[in-house]
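What follows is one structure encoded as structure tokens, with my remarks underneath.
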Amino acid sequence: TQSDVLYRPLIHFSPTTGFMNDPNGLIFDGTHYHLYYQYDPFAPYAGHVHWGHAISTDMLHWEDQPIAIDETKDGEAFTGCTVLDVKNTSGLFDTDKGGMAAIYTRATPHKQTQYLAISKDNGQSFTEYAHNPVLDIGSNSFRDPKILFHKPTNQWVMVIAKSRLHQIAFYASIDLIHWTHLSDFGPSGLFGVDYECPNLLEIPVEGGGSRWVLFVSVNPGGPTGGSITQYFIGDFDGSRFTPGDTVIGLTDFAKDAYALQLYDNMPNGEAVAIAWLGNWQYCQELPTHSWRGAMTLPRTLALRHDAAGWLRLAQKPRGVEALRGAEIAFPTRRIAAGSSTQATLPLGGALELVMSVTVDERPHDLPLGDKGRTGRFVIVFGNEQGESLTIGFDAFSGQLWLDRNDLNGFSQPFFTGQFSTALNPDDRHFDIHLILDACTLEIFANGGLSVGTALIFPSNPLTFLRLEASGAGASIENLALYPLKKTMP
Ligand code: FRU
């Protein structure tokens, strides 16, 4: 149908047909990046879960591959990971050079157990280990194993969700087959209903050092509704994760980035993640029909001290600069209070906007205690049909918001329209990097400390960009608008 084409992302991965949710098995094999994903090939609804597969050399141009892991009589192939067993610790490979192994959850309504499978063709196809499951605790809510090789203790470490107990369990193994329980973390942070898709990695701190970060996806129960990925910054000694403080970090201030998974085997310890660009509250009702689901852009992760001194996760889209076409001129430098300026957008392409702005000082003649005054800088993507997508910054209260309410292509009770987040309250300076691509919007503001990911469904293409100032004028220090070259078929 028409909406299947209108909403098809041009630089984000989406399945040709069928239903997609979590990214799985993210790994760099030395040549290719692999993206496996939760996939129902038969219908645009969650069910009959297989592992779909795509490969890329830049995480932006993806080539579809045959399904890698099937649903079997033992159950659906739920979320999991891949590792390179380069020393053949499992003994399952024919040579000392080893190969790729996948560890994932086989799920039936009655039980969730962990399966091992190995690939002798570099991740194209997998053969299940003969004595699966490799981990079974007699539970029906025990899933989503993610494994890393922990060098200091020279062993594989698995993080896995005891979903309904709101706990993340840690296990160790020397051969990927025999697993020993190490510790449990949680309940901590958001409670919700299910803990899912845990991920653990040592992530560099800008300016030096590194900390361990534990990501835990929660569904439902996110503060913006439904699915959300939270993170804890702390230490990991090979057997136990100790959070450094009690602040809950959320990876997103909107609600369409879930089940974040980290790439394994990245050169130089680069921390890169992809999340599912969706939310369980409405993913099966989205206004596409032959396909449903998209992935976020790959994002490089770092830890940074914010203005108040807290360590926080910073995210930035990885590699999109390479897709930039000729800059679209937008010569505005100054927008007076109460005025606006507008540019026409190229039709039907993905767009990147990089901008930094300083809003004028709060007027000094305000009566004492007047907190009502706003100094707003607003970015509007609109069309002649009166639809608009708004991203706004209120300098005096230090808040950023996103409003997708005035888009008419989809409505559903949980498809919330407005999101906001607090920025540094003493800073009239605002920077934003956003990518708009068909039904997806990703906002990286505040140097990537404030990230908003949202599905958007205008019923007609957005044709203009308008910048508005109200309450106070604004000076634009930097403004670059680029069309991005299509990477997907
Ligand atoms: C997260 C999740 C996982 C599960 C998978 C099923 O979105 O619910 O916990 O393994 O999706 O597709």
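Residue count for region 368-388 under the criterion of being modelled with pLDDT of 95 or more and not charged (D, E, K, R): the result is 10.
Whenever a residue of region 135-148 is closer than 16 Å to Gly75 by Cα, its partners that are within 13 Å of the ligand (Cβ to nearest atom) and among the aromatic types (Phe, Trp, Tyr), lying with C-beta atoms within less than 6 angstrom and at least six residues away or across chains, give the pairs Arg143/Phe78. Scanning region 117-150 for residues that are within 16 Å of the ligand (Cβ to nearest atom) and within 19 Å of Asn24 (Cα to Cα) yields Ala117, Pro133, Leu135, Ser141, Phe142, Arg143, Asp144, Pro145, Lys146, Ile147.
Name every residue in region 125-147 that is aliphatic (A, V, I, L, M) and either in contact with a strand residue (DSSP E or B) (Cβ under 9 Å, 6 or more places away or on another chain) or open to solvent by less than 60 Å² (accessible area, probe 1.4 Å) (or both), in order of residue number. The answer is Val134, Leu135, Ile137, Ile147.
What about Leu60, is it under 20 Å from the mean Cα position of the chain (by Cα) and within 16 Å of the ligand (Cβ to nearest atom)? Give the steps one after another, and end with the answer.
Values: under 20 Å from the mean Cα position of the chain (by Cα): yes; within 16 Å of the ligand (Cβ to nearest atom): no.
So Leu60 fails the test.
Of the numbered criteria (1) loosely packed, with under 14 Cβ neighbours inside 10 Å; (2) in a loop (DSSP other than H, G, I, E, B), the one Thr288 fails is (1).
Among the candidates Asp70, Asp74, Asp40, Asp85, which residue alone is away from the ligand (no atom under 11 Å from the Cβ), more than 23 Å from Gly319 (Cα to Cα), of a type in the set (Asp, Glu) and without any contact (Cβ under 8 Å) to a residue 40 or more places away in the chain? Of Asp70, Asp74, Asp40, Asp85, the one residue that is away from the ligand (no atom under 11 Å from the Cβ), more than 23 Å from Gly319 (Cα to Cα), of a type in the set (Asp, Glu) and without any contact (Cβ under 8 Å) to a residue 40 or more places away in the chain is Asp70.
Within region 247-283, being closer than 17 Å to Glu196 by Cβ, within 16 Å of the ligand (Cβ to nearest atom) and in a loop (DSSP other than H, G, I, E, B) holds for Thr251, Asp252, Lys255, Asp256, Ala257, Leu277, Gly278, Asn279, Trp280, Gln281, Cys283.
Here's the yes/no breakdown for (1) open to solvent by 20 Å² or more (accessible area, probe 1.4 Å); (2) part of a strand (DSSP E or B):
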site	(1), (2)
Asn24	no, yes
Gly30	yes, no
His61	yes, no
Gln65	yes, yes
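Could you list, in sequence order, the residues of region 92-124 that are in contact (Cβ under 8 Å) with a residue 24 or more places away in the chain, more than 16 Å from Ala77 (Cβ to Cβ) and open to solvent by less than 40 Å² (accessible area, probe 1.4 Å)? Residue satisfying the conditions is Phe93 alone.
Conditions (1) part of a loop (DSSP other than H, G, I, E, B); (2) in contact (Cβ under 8 Å) with a residue 24 or more places away in the chain; (3) out of contact with any Phe, Trp or Tyr (no Cβ under 6 Å at 6 or more places or on another chain); (4) not basic (Lys, Arg), marked per residue:
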site: Leu351; (1), (2), (3), (4): no, yes, yes, yes
site: Phe377; (1), (2), (3), (4): no, yes, no, yes
site: Gly386; (1), (2), (3), (4): yes, no, yes, yes
site: Leu389; (1), (2), (3), (4): no, yes, no, yes
site: Leu400; (1), (2), (3), (4): no, yes, no, yes
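The set of residues from region 185-202 being within 23 Å of Gly25 (Cα to Cα), away from the ligand (no atom under 11 Å from the Cβ) and either in contact with a helix residue (DSSP H, G or I) (Cβ under 9 Å, 6 or more places away or on another chain) or open to solvent by 30 Å² or more (accessible area, probe 1.4 Å) (or both) comprises Leu201, Glu202. Pairs linking a residue in region 150-165 that is closer than 20 Å to Leu84 by Cβ and assigned to a helix (DSSP H, G or I) to a residue that is more than 16 Å from the ligand (Cβ to nearest atom) and not basic (Lys, Arg), with Cβ atoms under 8 Å and 6 or more positions apart or on different chains, are Pro152/Gly238; Thr153/Ala172; Thr153/Gly238; Thr153/Ser239.
When Ser239, Ser227 are screened for being touching a Ser or Thr at 6+ places or on another chain (Cβ under 9 Å), of a type in the set (Gly, Ala, Ser) and within 16 Å of the ligand (Cβ to nearest atom), only Ser227 passes.
The values are calculated or read from the model by the stated rules, or taken from the named source; none is laboratory data. This one's a predicted model, so the numbers in the text were calculated from it and none came from an experiment. Positions of Cβ are backbone-derived with ideal geometry, glycine not excepted, and every protein chain shown enters the neighbour counts. What goes into the accessible areas is simple: the full protein's heavy atoms, side chains included, and nothing from ligands, DNA or RNA. Shrake-Rupley method; radii C 1.70, N 1.55, O 1.52, S 1.80 Å.
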